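Contents: one structure, followed by commentary.
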Amino acid sequence: MAAYGHDSDHQLETGEINLRYFLMHRPEPIDELRDLCQQLEHLNRVQSPIVNYARQLLAWQFPEVAHVKSSSKLGFVPPLWGWLADNPKISPAGKTRMDNRYKESIAQDYEIEIDPILELHAEWMCDISLYEQRLEARICEMLTETAFEPYMEVFDKFGFGLRVRSRLLTRIYPFESFLGINGKPVIEYEVREVKKTERDAYGGKLRKNGETTVRRLAGDTKRIKRNRSRDTFKMRLGMGTTLEQSGDGLVEKPSGSSLCRISLWQYVLTGVETGRLPENELTKELISYRDSLKANVSEQGEKLLGGKHIQGKLMSKVVNLLFQELCKIIPLT
């Protein structure tokens with residue numbers, strides 16, 4: 001903070017401090033939104049030990065539903081947990097279904113009853129479910145704020161769900177912070193050492209007229225262009241990498257928000273991989289890129305890229321497209 005004014009990147013052409021960047025206005029809703037998202041993440045984490053222990057007890061007290069996934073509808077608790085806790089907010093259809101399954105359970109033949117501690121865990125799950133619904137309702141209301149309208153317009157093109165868009169928004173708002181003083185991405189050039197010998201290719205082959213043309217040798221230097229704004233953006237969303245010392249060499253490891261990285265992976269897995277996306281030019285480009293990656297096979301027909309490798313490339317593609325779309329719309333607002 002104290003050195004901010006001495007950095008030339010934070011100054012106008014006149015030499016004065018860029019107050020628009022330093023004192024960038026951030027409306028109060030984004031602070032509340034971040035707090036709500038953190039509460040959702042906390043509730044998501046605390047459910048795991050509760051559910052795991054409850055399912056251990058169900059394995060012998062009500063084995064038919066020990067591994068059944070129970071989801072809730074708006075205003076109701078999940079049928080399984082609501083029935084176990086005798087919660088009044090269980091849906092009538094869900095209660096009837098659970099009653100019928102319990103009548104046919106093998107636990108009845110052995111006169112095994114539901115343990116009180118299992119009922120207690122079910123009550124906790126009901127409370128968590130209802131509180132999550134209240135949080136999501138508030139988040140949905142907050143995303144309609146005027147300041148977030150351009151972001152929601154871009155997110156709609158991708159078809160992001162409520163939790164995904166709220167997580168991403170809390171990390172990238174305001175988007176202007178990634179741009180330079182002129183409101184455009186910061187492009188820099190740097191000199192880098194070539195790690196492997198680079199050869200020219202002719203129609204997919206490295207030789208022409210019996211000769212191999214070498215573009216650069218290992219150890220040479222080359223001048224490359226770096227989009228600093230995009231790289232910072234990707235790092236914020238968990239798609240950046242850092243070099244860490246491992247023995248005698250350096251290893252690239254993922255860096256940035258792990259929660260955003262998980263959200264992007266879920267989006268790729270449930271949206272891009274399945275093709276369940278809104279129909280527009282942007283999603284068509286994503287689907288086309290997915291197909292090109294999967295069509296990359298050897299002469300023997302073996303896939304050259306594994307599933308996780310393809311998903312990683314798709315996640316990076318999503319972030320790059322997101323940055324491009326935000327660059328188009330944010331400076332205009």
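The values are calculated or read from the model by the stated rules, or taken from the named source; none is laboratory data. Predicted, not measured: the structure shown is a model, and the values here were computed from it. We place every Cβ from the backbone using ideal geometry, glycine too, and count neighbours over all the protein chains shown.
Things worth noting here:
- Candidates Leu118, Leu168, Leu80, filtered to the one that is closer than 24 Å to Ser48 by Cα, buried (at least 19 other Cβ atoms within 10 Å of the Cβ), under 19 Å from the mean Cα position of the chain (by Cα) and modelled with pLDDT of 95 or more: Leu168
- Filter pass, Glu299 being at pLDDT 95 or above and out of contact with any strand residue (DSSP E or B) (no Cβ under 7 Å at 6 or more places or on another chain): no
- Candidates Tyr131, Tyr53, Tyr102, Tyr110 - the one that is within 32 Å of the chain's Cα centre (by Cα), surrounded by fewer than 18 Cβ atoms within 10 Å (Cβ to Cβ), hydroxyl-bearing (Ser, Thr, Tyr) and farther than 29 Å from Ser166 by Cα: Tyr53
- Looking across segment 133-165, the residues that are closer than 18 Å to Glu325 by Cα, modelled with pLDDT of 95 or more and aliphatic (A, V, I, L, M) come down to Met152, Val154, Val164.
- Residue among Leu43, Leu118 that is in a helix (DSSP H, G or I), farther than 30 Å from Ile139 by Cα and in contact (Cβ under 8 Å) with a residue 60 or more places away in the chain: Leu118
- Search result, residues across segment 256-273 that are buried (at least 17 other Cβ atoms within 10 Å of the Cβ) and among the small types (Gly, Ala, Ser): Gly256, Ser257, Ser263, Gly271
- Boolean, Ala93 is in the same structural domain as Ile50 (by TED's automatic domain parsing) and touching a helix residue (DSSP H, G or I) at 6+ places or on another chain (Cβ under 6 Å): no
- Residue count for segment 291-333, restricted to those that are assigned to a loop (DSSP other than H, G, I, E, B) and under 18 Å from Glu153 (Cα atoms): 1
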